[in-house]
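The values are calculated or read from the model by the stated rules, or taken from the named source; none is laboratory data. Just so we're clear, the structure is a prediction, and the values are computed from it rather than from any experiment. Here Cβ is always computed from backbone atoms with ideal geometry, including for glycine, and neighbour counts include all displayed protein chains. The protein model used for the area step is the full one, side chains on, heavy atoms only, and it has no ligands, DNA or RNA in it. Shrake-Rupley method; radii C 1.70, N 1.55, O 1.52, S 1.80 Å.
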Amino acid sequence: MALQDLESAIFDGHLSHLHVDWPTLGSNPQKKLLGRFLVLVGAASKVQVPVTSHGARRLHDMAVRGRSPRVPRWIAALKSSARLERRQWRADEVFGQWNHSEDAKAEKCLEEWLQVLYADTDAKEMRRQALCDALPGAIQDIKAKLVEGKPKQVLLKSLHWLILQSDYLVLKDRFGLCLPVLLQILDSSTDSSLRFLGWDVLNLLLDRAIATEVQNFSVCLADFFQTHSPYPQEDICGLSVVPFSQSFAQFLTKAFADGKSDACVSREKQLEFFFTFGFFHCKSAKSEPFTLFMEFGLLPLLETSMLAPNLQELSQQLLQSCEGPQILEVLLSWRAIVLLFNQLPQRLGRYFQDILLRVIFSYLTFLISDPPEGLADVDVTDYDLAGFRSPVAACMTQAEWEEAISRRAELEALLGEVLKMLAQHQAGLFNKTLMQLQSGSSFPAKNLAVEALSPQLQRFVRFAREVAETV
């Protein structure tokens, strides 16, 4: 089978009905055709867009990487759960019809080409060298096929594979070659699955690009982000929040690195759009898009000092999110608060009471509350009953309660970190407040509600003191 026959089969949609003679293709490698061949290998590959931090790490292991990680290393991955696995399953299902059974054969054929064409190159460097040599030709081939009207999803699939296989050295000075092709594919498309994959391509491009290259295209990128943001209310677009948030966080980090910015692109306006997207559009949709925005967009940005000027707005939104019934949202909000105030410990005094109040609220709701009444298949013998049921826990569904129970240890450790932060930077106020809670002097006039809650508050005080002793 000639290369042009394989191109015709792939781009005319007949690959799944055609027997491809990959061994014959592998026995006739030609360097001048390597770019076109890489496009075909990418089109025959399987697509996966990671929507959990664990999935992102698996993809990272498959890619030819540079020094920049696929996901931020400073943010610990959430403990895996059935809910997160279902999320990744839904994302994989989006591309079920895109994938073929030829991916392993295509990969083997590529290895045969590389062993012949780069026989004098170290085995670990073969693929990188091939991509360095052939990437410009592959991108030009995708661009030509796009003009010819070939299926966009196949072209985007090839582009995704090419960028995923590349590292920052391969893509150095080539950001401007790849970005226009991607934007051209996405600009006139309304296919939500196509955009889902497209956002991940942009995320990979920005991940591997140097700051100067991103700054050169900051006006174009800023306009694209604002006019093509996903619609979180839809299922696929809700999952698109992951690569969109990752992309936008990387854009902000690199476009405004060291305080640099284009005269036409305001850092403040970009952050305002980002906050509106996350705290309004994602949060008003449902819980999942907001947790995705938090995990993949807000938390990476909080590791930088970029959001320090937005302390008041951020702290208000995050403290409000700590009051919800969804433990994932609460966990991520507390992680964000720790990152934010560890950079600005001198501002803790102003927010001390607000933070401590939410810590108590989370402790009572998720760590010691009895399960909701009337839930099916809930064995109360599995829990350390406190004789206390939080009003928030009482309204939880069975799925929410099971998720909360599975993440109790995570939340307990995180609340401990918050209390350590308060004890370290506001020791006097911390000890004074615990004494008031223990004696009950901070409560209003005695009533039945206060009397009922007192044992649980004493339990919290003991927990807080144990944590503070480790500071």
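For the reader, a short list of remarks on this structure follows.
- On the stretch given as the stretch 411-420, residues that are in contact (Cβ under 8 Å) with a residue 40 or more places away in the chain and open to solvent by 40 Å² or more (accessible area, probe 1.4 Å) total 3.
- Restricting V41, V51 to residues that are in a helix (DSSP H, G or I), β-branched (V, I, T) and at pLDDT 90 or above narrows the list to V41.
- Residue selected from the stretch 308-326 under the condition open to solvent by less than 20 Å² (accessible area, probe 1.4 Å) and in contact with an Asp or Glu (Cβ under 9 Å, 6 or more places away or on another chain), by the criterion nearest to P232 (Cα to Cα): S321
- Any hit, the stretch 327-340, residues being among the charged types (D, E, K, R) and either out of contact with any Ser or Thr (no Cβ under 9 Å at 6 or more places or on another chain) or exposed (fewer than 15 other Cβ atoms within 10 Å of the Cβ) (or both): yes
- Total residues in the stretch 141-154 satisfying the condition of being over 18 Å from L34 (Cβ atoms) and touching a residue at least 60 places away in the same chain (Cβ under 8 Å): the figure is 3.
- Taking the conditions (1) modelled with pLDDT under 95; (2) within 23 Å of P391 (Cβ to Cβ); (3) not aliphatic (A, V, I, L, M) in turn, E412 satisfies each one other than (1).
- Evaluated against (1) over 22 Å from F244 (Cα atoms); (2) at pLDDT below 75; (3) exposed (fewer than 15 other Cβ atoms within 10 Å of the Cβ); (4) of a type outside the set (K, R), M62 falls short on exactly one condition, (1).
- Candidates are the residues of the stretch 84-102 that are aromatic (F, W, Y) and crowded, with 17+ Cβ neighbours inside 10 Å; the one that is nearest to the chain's Cα centre (by Cα) is F95.
- Test: residue in the stretch 89-112 that is in contact (Cβ under 8 Å) with a residue 60 or more places away in the chain, hydroxyl-bearing (S, T, Y) and assigned to a helix (DSSP H, G or I): no
- Number of positions in the stretch 290-312 that are touching a helix residue (DSSP H, G or I) at 6+ places or on another chain (Cβ under 7 Å) and closer than 19 Å to L357 by Cβ: 1
- A count restricted to the stretch 140-180 and to residues that are of a type in the set (K, R), over 19 Å from E213 (Cβ atoms) and part of a loop (DSSP other than H, G, I, E, B) stands at 1.
- Unmet requirement for Q353, which otherwise passes all of (1) of a type in the set (S, T, N, Q); (2) assigned to a helix (DSSP H, G or I); (3) open to solvent by 10 Å² or more (accessible area, probe 1.4 Å); (4) more than 18 Å from M421 (Cα to Cα): (4)
- Taking the conditions (1) modelled with pLDDT under 90; (2) of a type in the set (V, I, T); (3) part of a helix (DSSP H, G or I) in turn, T190 satisfies each one other than (3).
- The stretch 161-207, residues that are hydroxyl-bearing (S, T, Y), more than 12 Å from L135 (Cβ to Cβ) and touching a residue at least 60 places away in the same chain (Cβ under 8 Å): Y168, S193
- Restricting attention to the stretch 121-136, the residues that are surrounded by fewer than 18 Cβ atoms within 10 Å (Cβ to Cβ) and farther than 19 Å from L204 by Cβ total 7.
- Checking the stated criteria, V170 turns out to be within 29 Å of P23 (Cβ to Cβ), among the β-branched types (V, I, T) and open to solvent by less than 10 Å² (accessible area, probe 1.4 Å).
- Yes/no for F275 being open to solvent by less than 30 Å² (accessible area, probe 1.4 Å) and in contact with a helix residue (DSSP H, G or I) (Cβ under 6 Å, 6 or more places away or on another chain): no
- Out of F290, F275, sole residue that is out of contact with any Lys or Arg (no Cβ under 7 Å at 6 or more places or on another chain), without any contact (Cβ under 8 Å) to a residue 60 or more places away in the chain, assigned to a helix (DSSP H, G or I) and closer than 24 Å to L328 by Cβ: F275
- Test: residue in the stretch 103-120 that is modelled with pLDDT under 85, surrounded by 13 or more Cβ atoms within 10 Å (Cβ to Cβ) and over 26 Å from K32 (Cα atoms): no
- Checking the stated criteria, E234 turns out not to satisfy the condition of being at negative phi and in contact with a Phe, Trp or Tyr (Cβ under 6 Å, 6 or more places away or on another chain).
- Residue ranges of helices (runs of 4 or more DSSP H) in the stretch 210-262 with at least 1 members open to solvent by 10 Å² or more (accessible area, probe 1.4 Å) and closer than 26 Å to L169 by Cβ: 211-216, 218-227, 241-255
- The stretch 297-307, residues that are assigned to a helix (DSSP H, G or I) and open to solvent by less than 10 Å² (accessible area, probe 1.4 Å): G297, L298, L299, L301, L302
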